[in-house]
1. Only one of these conditions is not met by residue 46: (1) in a helix (DSSP H, G or I); (2) farther than 24 Å from residue 158 by Cα. Which number is it?
2. Does the range 57-77 contain any residue that is more than 21 Å from residue 164 (Cα to Cα) and in contact (Cβ under 8 Å) with a residue 60 or more places away in the chain?
3. Please state which of the following conditions residue 15 fails to meet, knowing it meets all the rest: (1) assigned to a helix (DSSP H, G or I); (2) surrounded by 16 or more Cβ atoms within 10 Å (Cβ to Cβ); (3) in contact (Cβ under 8 Å) with a residue 60 or more places away in the chain.
4. Which condition number in (1) in contact with a helix residue (DSSP H, G or I) (Cβ under 6 Å, 6 or more places away or on another chain); (2) assigned to a loop (DSSP other than H, G, I, E, B); (3) over 19 Å from residue 12 (Cβ atoms) is the one that residue 84 fails?
5. Can you say whether residue 9 is touching a residue at least 24 places away in the same chain (Cβ under 8 Å), under 16 Å from the mean Cα position of the chain (by Cα) and surrounded by 13 or more Cβ atoms within 10 Å (Cβ to Cβ), as far as the supplied structure shows?
6. Search the range 26-37 for residues being more than 19 Å from residue 133 (Cβ to Cβ) and assigned to a helix (DSSP H, G or I), and hand back the single one that is farthest from the chain's Cα centre (by Cα).
7. What are the residue pairs meeting all of these: first residue in the range 118-134, first residue without any contact (Cβ under 8 Å) to a residue 60 or more places away in the chain, second residue buried (at least 19 other Cβ atoms within 10 Å of the Cβ) and in a loop (DSSP other than H, G, I, E, B), Cβ atoms under 9 Å, and 6 or more apart or on different chains?
8. In the range 115-131, how many residues are farther than 18 Å from residue 20 by Cβ and surrounded by 13 or more Cβ atoms within 10 Å (Cβ to Cβ)?
């Protein structure tokens, strides 16, 4: 059971991580793709690098954000592994997507400064390139640029919200069979409803 659960966790993580890194490499090394319309009025590739947090928020320096991301991912992974024997398939699949996405962006933060020649370890910016260009009037419906790692994380979070009972399991107590002991140790009579 333990090996099976590890596979369920790590297969989606490796798939997301691999697809994320491959797509980022492709967009970085193929200038023709860096500003390309995929579906006119809806979807574009628009190559950029994000030094900040999710959605381009820049409250902290890149090395601090990178360190926080690494520590948070390690914490999540340790938490998952501690309960892996009791975890269900849906939970492990979702957490695998999150871990794979987090690792994809962490690799950018660790190495991209070196690869692009602007910094060192933990100074890398996350490669983003997927842009929903749909506008209503002058308002862009979703103005953020993201990547495959972000899709993995977002898909997992949405699945956990929509299917939370399936993902987290149902933990309930059947009150009709629960008894409360009185101070003398004898079962107390149930409270009237």
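1. (1)
2. Yes, there is a match, as at least one residue in the range 57-77 is more than 21 Å from residue 164 (Cα to Cα) and in contact (Cβ under 8 Å) with a residue 60 or more places away in the chain.
3. For residue 15, the exception is condition (2).
4. Residue 84 satisfies every listed condition except (3).
5. Yes; evaluated as a whole, the condition is true for this residue.
6. Once the filter is applied, the top-ranked residue is 31.
7. Between residues of the range 118-134 that are without any contact (Cβ under 8 Å) to a residue 60 or more places away in the chain and residues that are buried (at least 19 other Cβ atoms within 10 Å of the Cβ) and in a loop (DSSP other than H, G, I, E, B), the close pairs are 118/124; 118/125; 119/125.
8. Here the count works out to 4.
Coordinate-derived values only; no laboratory data. Computed from a predicted structure; not experimentally measured. Cβ: placed from backbone, ideal geometry, glycine included. Neighbour counts: every protein chain shown.
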